[in-house]
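Student: If you scroll down you'll find the structure; I have some questions about it.
The values are calculated or read from the model by the stated rules, or taken from the named source; none is laboratory data. In this text, all values refer to a predicted model and were calculated from it rather than measured experimentally. Don't worry about glycine lacking a Cβ; one is built from the backbone with ideal geometry, like all the others, and counts go over all protein chains shown. Surface accessibility is based on the protein's heavy atoms, side chains included, excluding ligands, DNA and RNA. Shrake-Rupley method; radii C 1.70, N 1.55, O 1.52, S 1.80 Å.
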Amino acid sequence: MSNDIILETKDLVKEFKGFVAVSNVNLKVKRGHIHALIGPNGAGKTTVFNLLTKFLIPTSGQILYNGEDITRQKSAQIARKGVIRSFQISATFPHLSVLENVRIGLQRELGTSFHFWRSEASLESLTPKAMELLETVGLTEFAHHTTVELPYGRKRALEIATTLAMDPQLMLLDEPTQGMGHEDVDRVTQLIKKVSANRTVLMVEHNMNVVSRIADTISVLQRGQIIAEGPYEVVSKDPQVLEAYMGSSEAELQGAH
């Protein structure tokens, strides 16, 4: 595997009682790129993500990360290698402050992960780094707010901060702008672009405007198979893709810029 490919799948297949949800998917994610996985509802995007993050075991095929076969490894093992899915560690604690949530993400550095009974003092050393991460995602002014009080878009920014606290090499973002208003979508899109500067991002995203603005490579799934791949300019003109997105999504596909 060439050094510029951080993640690769070879003939990845997942069947559920005879139903083929993912069929011979061959993905190559380049290091330092934003790679988007798109497709109509039911195309198999989430199943692929669940296979990559080990919530599901493939029926057949291989998953390689930095050239190593991780097909049979467990979720925690690949997280330690730097593959972090946003919700894996960003199920934020609603009644803790924004700052406290990020410090919990950083506990791994202290070697005290999940030792929630440790004294508050042992976490104080993490505050400067936590504040730095909050500044990165534009949440400095919310540091001492209770997380449950945050507006929805800001909560997603906090999820990205807690993901960054785990120092991922490869960030997997599952529909990061889902359910957001226009302003929040713009903010989170810019944030993803910003945090991708020295890491790789693989994202499942339904919003074509987002994908067209920030993705280097787009893989289009339909019925569990990749039907097109490339930059937005190429993918958006592909006849198979246009057919897959018939109806309102086609207009969205054509109208995105």
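Student: How do the pairs read when you match residues in the stretch 126-144 that are open to solvent by less than 80 Å² (accessible area, probe 1.4 Å) and at pLDDT below 95 with residues anywhere that are of a type in the set (S, T, N, Q) and in a helix (DSSP H, G or I), using Cβ under 8 Å and keeping only pairs 6 or more apart or on different chains?
Tutor: Sorted first by the residue in the stretch 126-144, then by its partner, the pairs are Leu126/Gln107.
Student: Say whether the condition of being aromatic (Phe, Trp, Tyr) and either buried (at least 17 other Cβ atoms within 10 Å of the Cβ) or in contact (Cβ under 8 Å) with a residue 40 or more places away in the chain (or both) is met by at least one residue in the stretch 4-18.
Tutor: no
Residue-by-condition table, conditions (1) open to solvent by 40 Å² or more (accessible area, probe 1.4 Å); (2) free of Cβ contacts under 8 Å to residues at least 60 places away in the same chain; (3) closer than 29 Å to Asn66 by Cα; (4) assigned to a helix (DSSP H, G or I):
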{"residue": "Ile160", "(1), (2), (3), (4)": "no, no, yes, yes"}
{"residue": "Leu173", "(1), (2), (3), (4)": "no, no, yes, no"}
{"residue": "Ile192", "(1), (2), (3), (4)": "no, no, yes, yes"}
{"residue": "Glu243", "(1), (2), (3), (4)": "yes, yes, no, yes"}
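Student: Residues to consider are Gly67, Gly42; find the one that is over 14 Å from Val204 (Cα atoms) and out of contact with any strand residue (DSSP E or B) (no Cβ under 7 Å at 6 or more places or on another chain).
Tutor: Working: Gly42 fails: over 14 Å from Val204 (Cα atoms).
Selected residue: Gly67, the only one of Gly67, Gly42 that is over 14 Å from Val204 (Cα atoms) and out of contact with any strand residue (DSSP E or B) (no Cβ under 7 Å at 6 or more places or on another chain).
Student: In the stretch 80-94, is there at least one residue being surrounded by fewer than 19 Cβ atoms within 10 Å (Cβ to Cβ), more than 20 Å from the chain's Cα centre (by Cα) and modelled with pLDDT under 95?
Tutor: Within the stretch 80-94 (the criterion being surrounded by fewer than 19 Cβ atoms within 10 Å (Cβ to Cβ), more than 20 Å from the chain's Cα centre (by Cα) and modelled with pLDDT under 95), the answer is yes, since at least one residue qualifies.
Student: Tally up the residues in the stretch 43-62 that are surrounded by fewer than 17 Cβ atoms within 10 Å (Cβ to Cβ) and of a type outside the set (Val, Ile, Thr), please.
Tutor: Of the residues in the stretch 43-62, 3 are surrounded by fewer than 17 Cβ atoms within 10 Å (Cβ to Cβ) and of a type outside the set (Val, Ile, Thr).
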